[in-house]
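Chemist: Please find one structure pasted underneath; my questions will follow.
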Amino acid sequence: MRPERLGVRGGLVITVNRQLATANAFEDLLHERWPRFGRQARRAYDQLGLPVSRYIRWRWLADLVYLAMKPAEWLFYLVLLLLDRESPEARIARMYR
């Protein structure tokens with residue numbers, strides 16, 4: 001999958017694929033609607049994300065993780081469709097201008 005958008009993380013420009021953009025939009029919705037839960041989810045991700053990512057050293061493993069995360073991406077998008085006042089696409093576009 002080719003990168004779709006450019007984002008900024010830690011002051012650096014990064015490329016963002018559809019899966020990451022959807023996950024970030026879901027997290028943004030959590031912070032907006034349920035700030036406490038959003039903070040807890042971010043804290044859990046911060047504690048687990050980096051250590052897990054260090055094990056992803058081969059392209060085939062990255063592809064496997066991408067495929068394993070597809071159901072989560074679909075769930076995030078469904079939640080955005082059902083609970084967001086605006087469209088998911090509008091939220092994603094607003095986050096990556």
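Chemist: If a residue has to be surrounded by 12 or more Cβ atoms within 10 Å (Cβ to Cβ) and either over 21 Å from ARG9 (Cβ atoms) or hydroxyl-bearing (Ser, Thr, Tyr) (or both) to count, how many in the stretch 64-73 make the cut? Show your work before the answer.
Modeler: Looking only at the stretch 64-73, we keep the residues that are surrounded by 12 or more Cβ atoms within 10 Å (Cβ to Cβ), and these are 64-66, 69, 72-73.
Filter again for either over 21 Å from ARG9 (Cβ atoms) or hydroxyl-bearing (Ser, Thr, Tyr) (or both), leaving 64, 66.
The total comes to 2.
Residues checked against (1) over 15 Å from the mean Cα position of the chain (by Cα); (2) part of a loop (DSSP other than H, G, I, E, B); (3) under 16 Å from VAL16 (Cα atoms):
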| site | (1), (2), (3) |
| --- | --- |
| GLN40 | yes, no, no |
| PRO51 | yes, no, no |
| PRO71 | no, no, no |
| LEU78 | no, no, no |
| ARG85 | yes, yes, no |
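Chemist: Can you find a residue in the stretch 38-58 that is surrounded by 15 or more Cβ atoms within 10 Å (Cβ to Cβ) and touching a Lys or Arg at 6+ places or on another chain (Cβ under 6 Å)?
Modeler: Just the residues of the stretch 38-58 that are surrounded by 15 or more Cβ atoms within 10 Å (Cβ to Cβ), to begin with: 38, 41.
Cutting the leftovers down to touching a Lys or Arg at 6+ places or on another chain (Cβ under 6 Å) gives us none.
Checked against the condition, which is being surrounded by 15 or more Cβ atoms within 10 Å (Cβ to Cβ) and touching a Lys or Arg at 6+ places or on another chain (Cβ under 6 Å), the stretch 38-58 yields no hits at all.
Chemist: Of everything in the stretch 74-86, what is surrounded by 15 or more Cβ atoms within 10 Å (Cβ to Cβ) and in contact with a Pro (Cβ under 8 Å, 6 or more places away or on another chain)? Give them in sequence order.
Modeler: We begin by selecting, within the stretch 74-86, every residue surrounded by 15 or more Cβ atoms within 10 Å (Cβ to Cβ); these are 76-77, 79-80, 84.
TYR77, LEU80, listed by residue number.
Chemist: Restricting the search to the stretch 77-97, which residues are farther than 19 Å from ILE14 by Cβ and of a type in the set (Phe, Trp, Tyr)? Please lay out each step first, then the result.
Modeler: Kept after step one, since they are farther than 19 Å from ILE14 by Cβ, are these residues of the stretch 77-97: 77-90.
Correct list: TYR77 only.
Chemist: If you scan the stretch 8-33, which residues turn out to be under 13 Å from the mean Cα position of the chain (by Cα), surrounded by fewer than 17 Cβ atoms within 10 Å (Cβ to Cβ) and part of a strand (DSSP E or B)?
Modeler: Passing the criteria: ARG9, THR15.
Chemist: Considering only residues of the stretch 87-97 that are surrounded by 11 or more Cβ atoms within 10 Å (Cβ to Cβ) and part of a loop (DSSP other than H, G, I, E, B), which is modelled with the highest pLDDT? Show your work before the answer.
Modeler: To start, the set of residues in the stretch 87-97 that are surrounded by 11 or more Cβ atoms within 10 Å (Cβ to Cβ) comprises 87-96.
From what's left, part of a loop (DSSP other than H, G, I, E, B): 87, 96.
Working: SER87: 91, TYR96: 79.
Among those residues, the one meeting the criterion is SER87.
Chemist: Name the residue, out of GLN47, GLN19, that is out of contact with any Cys (no Cβ under 6 Å at 6 or more places or on another chain) and without any contact (Cβ under 8 Å) to a residue 40 or more places away in the chain. Show your work before the answer.
Modeler: On the way: GLN19 fails: without any contact (Cβ under 8 Å) to a residue 40 or more places away in the chain.
Answer to the check: GLN47.
The values are calculated or read from the model by the stated rules, or taken from the named source; none is laboratory data. A quick note: this is a predicted structure, and the numbers were derived from the prediction, not measured. Cβ coordinates were reconstructed from backbone atoms using ideal geometry, including for glycine residues, and neighbour counts include every protein chain displayed.
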